[in-house]
């Protein structure tokens, strides 16, 4: 059972989401940024005492998310290739860098689970997208092509599950995952994404709330993402506003 009060299997981020007008241009800028050996110090703060892992080769996925009615937050079943995960998540509704968290449980029978959840709660929408993901030190950049909506970018900084941005205090302890660990499973669960090996634990970086937000903001500046492009809602909300039409997606769409 997914329990939002438990810190087990939780991943927290500070993140933004924005419309993209020119997908090829933003893709080129992200690839160039990742290739830049100084990218890990974009914040302008000495918060990276050692070189953090950079995934120069993006991970591509086609994701199919079915949303279900939920009392608070979001509940969705994500299918991506051979991997299927039930995910509960919440995000502060704001245009600027905002806190989010998600918690997941992998399933081997997505069809039965989807049927049961639809019967119990009702389906709230469906989102299909092609996602290209880069890891850049403590940051994650998603380039999304969403069926029925268009192109978007998400910029995230992963934070420690024990901390909350809400209180405005403390630091976030981030233990990045090595690139070799990422490529072993193209669709890791949030828990596996958060666990660190002894090698990665030595690379842990403590970020304050302000530093984490600054990393997001500086990545926005470096990639040319303007404030007017930011959105505060979820893809499923935007699709439902347009009537919920979700065409099939491929990596070429």
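What translational diffusion coefficient, in µm²/s and rounded to a whole number, does the Stokes-Einstein relation yield for the range 47-157 at 20 °C and a viscosity of 1.002 mPa s, taking the hydrodynamic radius as the Kirkwood radius over Cα pairs? So the translational diffusion coefficient is about 137 µm²/s.
Among 224-235, 13-24, sorting by the average number of other beta carbon atoms lying within 10 angstrom of each residue, highest first, gives 13-24, 224-235.
Spin-label pair residue 24-residue 105: with each label point 7 Å from Cα along the Cα-Cβ axis, the two points sit 4.6 nm from one another.
The numbers here are math on the coordinates, done by the rules we state, and not lab data. As the structure is a prediction and not an experimental result, all values here were calculated from the model. Here the Cβ is made from the backbone with ideal geometry for all residues, glycine too, and neighbour counts use every protein chain on show.
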